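Beneath this line is the structure, given in structure tokens, with notes to follow.
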Amino acid sequence: MANRGPSYGLSREVQQKIDRQYDPELEQILVRWILGQCGGDVGQPAPGRDGFQQWLKDGTVLCRLINSLHPRGQAPVAKIQASAMAFKQMEQISQFLQAAERYGIAATDIFQTVDLWEGE
């Protein structure tokens, strides 16, 4: 989102509709659930859509979450490490998405890596 200028016309209308659907209460419910699953050492996001997206953007929280849903020793993401490099962050998001699909999440319910990374 940071590399894009203002949207106009239909693009702007679609973005406004998406923005209106964002639910801060649901965000807080999800944050509490993720913290409950992963523990408090994953940090906590800044309130709001952008803060939540930034919290998940590098993929470490997501990978820890999917690992927490499996029995000890059967974690689907073996190596989780924070990185400032975009390709490493996107790789971790991709690992989470693959593990989520194997966990049973329907492919039609899964977002694309670039959508999270760009905040779409």
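The values are calculated or read from the model by the stated rules, or taken from the named source; none is laboratory data. Source: prediction; values computed, not measured. As a convention, Cβ positions derive from the backbone with ideal geometry for all residues, glycine included, and neighbour counts pool all protein chains shown. The area values use the complete protein model at the heavy-atom level, side chains included, leaving out ligands, DNA and RNA. Shrake-Rupley method; radii C 1.70, N 1.55, O 1.52, S 1.80 Å.
Of note:
- Scanning segment 25-35 turns up one or more residues that are part of a helix (DSSP H, G or I) and within 20 Å of Q81 (Cα to Cα).
- Applying the criterion of being within 10 Å of the chain's Cα centre (by Cα) and part of a helix (DSSP H, G or I) to the residues of segment 85-120, the residue that is surrounded by the fewest Cβ atoms within 10 Å (Cβ to Cβ) is D115.
The rows are residues; the columns are (1) aliphatic (A, V, I, L, M); (2) at pLDDT 90 or above; (3) open to solvent by less than 80 Å² (accessible area, probe 1.4 Å); (4) under 14 Å from the mean Cα position of the chain (by Cα).
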{"site": "A2", "(1), (2), (3), (4)": "yes, no, no, no"}
{"site": "L10", "(1), (2), (3), (4)": "yes, no, no, no"}
{"site": "R20", "(1), (2), (3), (4)": "no, no, no, no"}
{"site": "I29", "(1), (2), (3), (4)": "yes, yes, no, no"}
{"site": "V42", "(1), (2), (3), (4)": "yes, yes, yes, yes"}
{"site": "D58", "(1), (2), (3), (4)": "no, yes, yes, yes"}
